[in-house]
Amino acid sequence: MMHRRVLMWGLSGYALTACAQRGAFAPVSGRGRSFRQITMATNADGPGFERRGNGIRWFDVSVSVPSTRQIGTVPVSGPSAFGTERLVELPGTPSFGLPAQQPLVLWVHGYNNTRAEAVYRHVQMVEDIGMTGPQVSFVWPSASTAGGYLYDRDSVLDARRPLAEVIRALRQRWSGEILVVAHSLGAFLAMESFGRLTRGGKPLRQFIDFLLLLQPDIDPDVFAEQVRDVGQLPARSVVVLAQDDRALRLSGTLAGTGGRVGNSPASVPEGFRAVDLTGIDDATTSHLVALSSPQMLATLRTIYQRSFQ
């Protein structure tokens with residue numbers, strides 16, 4: 001009976017997603033807008049970017065951000081919607097200029113994201129926290145449906161080498177600090193890619209300086225093995241979790257274990273600082289509390305500015 005309820009929950013979520021308007025790269029008119037530049041790196045191919053490719057493609061994206069939206073939200077329709085002013089494919093890895101006070105941020109999105117939604121969420125984080133350093137979104141091929149979880153997990157495994165190559169390329173082009181922020185299945189992808197980077201005894205600190213995993217959709221036993229493979233972590237490595245994360249509760253139930261790293265405080269190993277956001281009541285989604293709660297975003301903005309000014 002429990003498996004039937006879980007299946008019905010998943011199918012109802014799929015139906016709601018199928019009916020809702022999804023984020024797309026499209027221009028949006030209106031006054032009172034600011035613009036943010038994002039460099040998008042992707043191993044996806046094809047017009048919809050949901051198909052897995054063999055190489056890495058780089059894009060320059062200028063995102064239009066409405067001044068009327070609420071903090072923590074990423075509207076994709078109406079007068080307060082995010083829009084795209086420019087989307088240009090680049091011939092290769094771009095340059096990011098001279099090192100600045102703030103780090104280069106590499107964002108790795110989670111499950112069930114269109115490519116535009118992944119980039120728009122990155123821009124929302126940048127706007128609401130006040131990040132001014134270079135911004136890179138790694139967009140892996142998602143089925144972009146709630147029913148595409150297995151496809152997305154396979155896409156994450158397929159993207160391990162491309163993400164590792166992107167991190168190597170960023171380290172070659174940027175001599176300043178690098179912060180990796182990864183959410184949900186994106187955290188699983190990041191940890192798998194780190195294992196590839198550190199093969200041969202190279203420390204992860206040679207490639208990145210800060211690591212922030214937001215509600216990772218990772219089995220605790222798998223995570224412990226990933227951490228062992230990576231070895232020494234950056235000095236500032238943080239796992240943000242929420243025990244009331246409904247999406248991770250479903251993921252754990254489907255896996256037959258019940259718990260994921262992102263909703264189980266006891267599963268966070270040594271080397272990580274655990275930040276538990278259980279019970280935050282102003283988040284628009286329980287699966288991304290840190291970036292959808294206005295009170296948490298205000299705290300993050302203060303911490304970020306104190307750390308990098």
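Give me D for the stretch 140-240 in µm² s⁻¹, whole number, from Stokes-Einstein with Rh from the Kirkwood sum over alpha-carbon pairs, 25 °C and 0.890 mPa s.
Estimated via Stokes-Einstein, D reaches 176 µm²/s.
Simple spin-label model, 7 Å along Cα-to-Cβ: Arg51 to Gln37 in nm?
With each label placed 7 Å out from Cα toward Cβ, I get 3.1 nm.
Could you calculate the FRET efficiency of Arg228 with Leu254 from 1/(1 + (r/R0)^6), where r is the beta carbon distance between them and R0 is 25 Å, rounded to 0.05?
Details: r = 25 Å, r/R0 = 1.01.
Calculated value: 0.50.
Counting only helical runs of four or more DSSP H residues, what would the 222 nm mean residue ellipticity of the chain come to if each run contributes -39,500 (n - 2.57) and the total is spread over all its residues?
My calculation for the chain gives -11000 deg cm²/dmol from helical runs alone.
Could you tell me which of Gly195, Met125, Pro216 has its Cα farthest along the dipole of the stretch 124-247 towards the positive end, charges placed at Cβ (Lys, Arg +1; Asp, Glu -1), taken about the Cα centre?
Final value for the positive-end residue is Gly195.
Would you pull out the residues with amide H under 5 Å of Val139's amide H, same chain only if 5 or more places away, H placed 1.01 Å from N?
Ala41, Thr42, Asn43
Kindly report the accessible area of the chain per residue (heavy atoms of protein chains, probe 1.4 Å, no ligands, DNA or RNA), in Å².
45 Å²
Tell me, what ³J(HN,Hα) does each residue in the stretch 61-75 have, in order and in whole Hz, if you take phi through Karplus 6.51 cos²θ - 1.76 cosθ + 1.60 with θ = phi - 60° and put x for Gly and Pro?
Per residue, the Karplus-derived 3J(HN,Hα) values read 10, 10, 9, 8, 10, x, 7, 8, 6, 7, 4, x, 10, 10, x Hz.
Need the C-alpha centroid separation for the stretch 82-122 versus the stretch 261-309, integer Å.
Each part's Cα centre sits 22 Å from the other's.
Of all accessible surface on the chain at a 1.4 Å probe, what whole percent is carbon and sulfur?
52 percent
Label-point separation (nm) for Gln101 and Arg306, each offset 7 Å from Cα along Cα-to-Cβ?
1.6 nm
Of Tyr151, Tyr120, which has the most accessible area and how do the rest follow, probe 1.4 Å?
Details: Tyr151 80, Tyr120 0 Å².
Ranking Tyr151, Tyr120 by accessible area, largest first, yields Tyr151, Tyr120.
State, to one decimal in nm, how far the label point of Asp60 lies from the label point of Ala26, with both points 7 Å from Cα in the Cβ direction.
The modelled label-to-label distance comes out at 2.6 nm.
Report the accessible area of Trp174, computed with a 1.4 Å probe over the heavy atoms of all protein chains in place, in Å² rounded to the nearest 10.
Its heavy atoms expose roughly 0 Å² to the probe.
Once amide H atoms are built 1.01 Å from N in the peptide plane, which residues 5 or more positions from Glu85, or in another chain, come under 5 Å H to H?
Ser62, Val63, Ser64
Quote the charge dipole size of the stretch 252-309 about the Cα centre in Debye, to the nearest 20; the model charges only the Cβ of Lys and Arg (+1) and of Asp and Glu (-1).
180 debye
The values are calculated or read from the model by the stated rules, or taken from the named source; none is laboratory data. Everything numeric here is computed off the predicted structure, so don't read it as measured data. Heads up, the Cβs are rebuilt from the backbone with ideal geometry, glycines too, and the neighbour counts pull from every protein chain shown. The area values use the complete protein model at the heavy-atom level, side chains included, leaving out ligands, DNA and RNA. Shrake-Rupley method; radii C 1.70, N 1.55, O 1.52, S 1.80 Å.
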